[in-house]
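Engineer: Have a look at the structure that comes next, please.
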Amino acid sequence: MTEFLWYIPNQVDPGHRGDTVVEGHNSLDTLTTQAHALEEHGWGGALLGTGWGRPDTFTVATALAARTTTFQPLIAVRPGYWRPANFAAAAATLDHLSGGRVLVNIVSGKDTLAAYGDSEGDQSQRYARTGEFLRLVRRLWTEEDITFTGEHFEVTGSTLAQRPVVRGERRHPTLYFGGASEAAERVAATEADVQLFWGEPLDGVRERIERLEELSSRLGREHRPLEFGLRITTLVRDTTEQAWADAGAKVARMAAAGSRDPLRVPAVGQQRLLDLAARGDVLDDNLYTAPGRYGGGGAGTTWLVGSPDDVAKSLRRYQELGITHFVLSDTPYLEEIRRQGEQLLPLLRG
């Protein structure tokens, strides 16, 4: 089954990636309006961003889950900000209270770690810790009387008082994960449920899927086969011509603002996206790389641009490679939830 999610920025400052600046942009009422719009327009839920400079993601997810009925929060969390037993208990409780709607995105990229008492270590140590976190959280959700002594975490005789919702093949919340380095891919291949890619061209995604499947086999993955997802900006307009005109105007505004990517040393996945600009402004049919040159970062580095038919055709090509989880977005967020829910999702589900 293919999952279609959106993105709720969860930002203190208004105007994220060109969003409409309104009073109370991050109030519970405003965020609930977005979550209700997602429910009404066919989306499964939304990724909620995380980071020390943002409101606490788990708290926001809990509040939105309480005000909705089908909305699934994809809660981004960081090992080091959370310890695995505390997080496993909190997520299991929210999953129970929401009727099994929790999704989890494990993030290991850079953050203001010292501000909350964490220390980063080098990349291999950071991802080794993430692997332990995933392994221990999954065990706490599914087993009893866990005793575990690892390099980074330890529990003795641990049993959760409340377990996640079990429904059909679902044993616990889906564990999404991102990262393109060798260390990250080893974690994904062995411990994650879904590997999320950013908006690379089809050949790059195909290459990474093949490598991760080979890694899963070679490293002796013990779980169900790894699934794959795409996190990307989708700029959709009624016609192809209008979409490209609006995309060009957005990039021109970014260039005029003089913004640049804030990451001094981009992560491996981010650098892969930035390097795409050397291959051209438009790759495949409609993957626009120019935003990355003027400050677009993460999922905003590359955009799929076009009419609903154009963008649906491109997303179906990713589906043919094995992508089954999509996290889409564009700004203004609320307006695009409705537009793409009405114009794009029916084509993908049809």
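The values are calculated or read from the model by the stated rules, or taken from the named source; none is laboratory data. None of the values given here were measured: they were computed from a predicted structure. Counting neighbours? That spans all protein chains shown, and the Cβs are built from the backbone with ideal geometry, glycine included.
Engineer: Looking for something farther than 21 Å from Val268 by Cα, aliphatic (A, V, I, L, M) and touching a Pro at 6+ places or on another chain (Cβ under 8 Å) - is there at least one such residue anywhere in the stretch 137-148?
Structural biologist: Here is the first cut: in the stretch 137-148, the ones farther than 21 Å from Val268 by Cα are 137-148.
Checking which are aliphatic (A, V, I, L, M) leaves us with 137, 140, 146.
Remaining after also requiring touching a Pro at 6+ places or on another chain (Cβ under 8 Å): 137, 140.
So far as the stretch 137-148 goes, yes, one or more of its residues are farther than 21 Å from Val268 by Cα, aliphatic (A, V, I, L, M) and touching a Pro at 6+ places or on another chain (Cβ under 8 Å).
Engineer: Right, another one. Out of the residues in the stretch 12-63 that are hydrophobic (A, V, I, L, M, F, W, C) and at pLDDT below 85, which is surrounded by the most Cβ atoms within 10 Å (Cβ to Cβ)?
Structural biologist: So, considering only residues that are hydrophobic (A, V, I, L, M, F, W, C) and at pLDDT below 85, the one surrounded by the most Cβ atoms within 10 Å (Cβ to Cβ) is Val22.
Engineer: Okay, moving on. Just wondering, is there one or more residues in the stretch 316-323 that are in contact with an Asp or Glu (Cβ under 6 Å, 6 or more places away or on another chain), modelled with pLDDT of 95 or more, within 23 Å of Thr289 (Cβ to Cβ) and not in a strand (DSSP E or B)?
Structural biologist: No: zero hits.
Engineer: Among Glu132, Glu185, Glu207, Glu144, which is in contact with a Ser or Thr (Cβ under 9 Å, 6 or more places away or on another chain) and modelled with pLDDT of 95 or more?
Structural biologist: From the options Glu132, Glu185, Glu207, Glu144, the qualifying one is Glu144.
Engineer: Given the conditions (1) at pLDDT 95 or above; (2) crowded, with 22+ Cβ neighbours inside 10 Å; (3) more than 16 Å from Trp82 (Cβ to Cβ); (4) not polar (S, T, N, Q), report the number of the one that Tyr176 does not fulfil.
Structural biologist: (3)
Engineer: Follow-up. State the number of residues belonging to the stretch 7-20 that are outside any helix (DSSP H, G or I) and touching a residue at least 60 places away in the same chain (Cβ under 8 Å).
Structural biologist: Of the residues in the stretch 7-20, the ones outside any helix (DSSP H, G or I) are 7-15, 19-20.
Pick out the ones that are also touching a residue at least 60 places away in the same chain (Cβ under 8 Å) and you get 7-9, 19-20.
Qualifying residue count, the stretch 7-20: 5.
Engineer: Report every pair of residues separated by at least 6 positions or lying on different chains whose Cβ atoms are under 8 Å apart, first residue within the stretch 243-269 and assigned to a helix (DSSP H, G or I), second at pLDDT 85 or above and among the polar types (S, T, N, Q).
Structural biologist: Ala243/Ser307; Val268/Ser181; Gly269/Ser181
To keep it simple, each residue is scored yes or no on (1) in contact with a Lys or Arg (Cβ under 9 Å, 6 or more places away or on another chain); (2) outside any loop (DSSP other than H, G, I, E, B).
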site: Val22; (1), (2): no, no
site: Gln34; (1), (2): no, yes
site: Glu39; (1), (2): no, yes
site: Gly42; (1), (2): yes, no
site: Ala61; (1), (2): no, yes
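Engineer: Same structure again: Evaluate the stretch 272-281: report whether one residue or more is part of a loop (DSSP other than H, G, I, E, B) and buried (at least 20 other Cβ atoms within 10 Å of the Cβ).
Structural biologist: no
Engineer: Which of the residues that make up the stretch 22-63 are out of contact with any Ser or Thr (no Cβ under 8 Å at 6 or more places or on another chain) and hydroxyl-bearing (Ser, Thr, Tyr)?
Structural biologist: Ser27, Thr30, Thr33, Thr59, Thr62
Engineer: Within the stretch 296-313, can one find any residue that is modelled with pLDDT of 95 or more, among the basic types (Lys, Arg), surrounded by 20 or more Cβ atoms within 10 Å (Cβ to Cβ) and closer than 19 Å to Arg349 by Cα?
Structural biologist: no
Engineer: Further question: Please go through the stretch 197-225 and pick out each residue that is outside any helix (DSSP H, G or I), surrounded by fewer than 16 Cβ atoms within 10 Å (Cβ to Cβ) and among the charged types (D, E, K, R).
Structural biologist: Residues satisfying the conditions are Glu222, Arg224.
Engineer: Okay, next question. Just to be sure I understand the filter: pairs with C-beta atoms under 6 Å, separated by 6 or more residues or on different chains, first member in the stretch 113-137 and touching a residue at least 24 places away in the same chain (Cβ under 8 Å) and closer than 25 Å to Ala89 by Cβ, second member in a helix (DSSP H, G or I) and of a type in the set (D, E, K, R). Which pairs pass?
Structural biologist: Gly131/Glu191; Leu134/Glu191; Arg135/Glu191
Engineer: Let me ask another. Just give me the residues in the stretch 27-65 being β-branched (Val, Ile, Thr) and out of contact with any helix residue (DSSP H, G or I) (no Cβ under 9 Å at 6 or more places or on another chain), in sequence order.
Structural biologist: If the condition is that a residue be β-branched (Val, Ile, Thr) and out of contact with any helix residue (DSSP H, G or I) (no Cβ under 9 Å at 6 or more places or on another chain), then Thr57, Thr59 are the ones that fit.
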